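What follows is a single structure, written as structure tokens, with notes after it.
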Amino acid sequence: MTASTLTVPGTSGPETPDAPPLTEAARRPRRTRPAIVSHVFLALLLVGFLAPVVWALLSAFKPANDIITSPLGFDPTRFTLDNYIAMFQDVPIASGFANTAVVLVFKGAITLFFAPLAAYAFAKYDFIGKNLIFGAVLVTLMLPTIVLIIPLLLEMKQLGWVNTYQALILPGSVDAFAIFWMRQVIAAVPDELLDAARVDGCGEFGIFWRVVLPVIRPGLAGLAVLTIMNIYNDFVWPVVVASSDRMATLQVVLSTLAQNITGNRIGADYATVTGELLAASSIALIPLLVLFIALQRHFINGILAGSVKG
């Protein structure tokens with residue numbers, strides 16, 4: 001005896017009962033093993049990067065002798081600010097911060113204003129020798145910094161700018177990387193927007209200021225973060241052109257910190273120097289850490305700006 005099937009008119013097959021609805025767990029995509037492995041790997045990588053930073057921040061609050069005798073331990077009951085107090089007395093870190101802030105404001109402003117202008121010309125205008133000039137700009141990216149130091153130093157000496165803010169600010173203000181970065185971002189701006197602005201009677205600089213800048217804001221924010229980090233961490237050029245303590249930037253102050261500590265304190269031992277070094281490094285780390293946490297969304301958007309052309 002065979003089982004009969006019921007065929008619904010207008011269909012080509014037998015009627016089957018409705019399938020039960022999928023549960024929430026069934027609809028949720030199943031986590032694959034490669035995804036778990038990648039997450040574990042990224043977590044280990046994060047721990048590896050953060051461990052030295054956390055150790056330095058915690059050790060700066062330990063007594064100097066404990067840093068040497070128990071480098072991996074931390075006793076909250078022995079929390080102290082002695083390293084910070086002694087460091088501010090022995091090292092001119094405040095003047096280093098002030099000089100770095102001045103250079104950061106003016107050099108960063110020059111970079112963020114003139115680099116997009118140059119990139120706008122390379123991206124949206126056609127002129128004789130455009131590709132040749134842009135290629136020459138890119139060639140400078142392959143020149144090591146050490147090759148340019150002596151010629152720049154001689155130039156600063158002829159101008160009388162050694163140990164001045166002009167020497168710290170002007171050389172390298174509009175670098176090739178900033179122009180290349182912004183050219184890639186501006187190239188993704190539709191030409192129709194520019195043509196519409198010209199039809200409305202907007203001038204060329206007005207087009208750049210009112211049309212292009214609002215569109216490239218994510219890319220400009222990403223460039224701002226990179227520019228601030230580069231200026232803040234710059235060491236080679238400031239240590240050459242600003243040899244006086246009065247003009248030393250933060251990185252130069254940190255590089256001579258051990259000598260300043262031993263010179264200002266008779267009998268300073270290795271533990272004392274290490275504690276004050278960690279205190280100064282922790283203070284120098286905080287501004288960049290806060291900056292990146294506050295602007296990480298803009299930085300990521302800036303990295304992606306121009307990578308996908310819609």
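Data table
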quantity	calculated
Contour minus Cα-Cα distance for F97 and K157 (0.36 nm per residue)	19.1 nm
3J(HN,Hα) from dihedral phi, region 55-70, Karplus parametrisation 6.51/-1.76/1.60, rounded to Hz, x for glycine, proline	4, 5, 5, 6, 5, 5, 9, 9, x, 4, 5, 5, 5, 8, 6, 9
Mean Cβ neighbour count within 10 Å, used as a protection proxy, ranking 119-128, 140-149 highest first	119-128, 140-149
Local electrostatic count, T80, Cβ distance below 12 Å [Lys/Arg +1, Asp/Glu -1]	-1
Per-residue Cβ neighbour rank within 10 angstrom, fewest leading, M182, M229, M247	M229, M247, M182
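All of the numbers you see were taken from the coordinates with simple rules; none came from a lab. Worth saying up front: this structure is predicted, and the values here are computed from it rather than measured. Ideal geometry is used to build each Cβ from the backbone, glycine not excepted, and the neighbour counts take in all protein chains shown.
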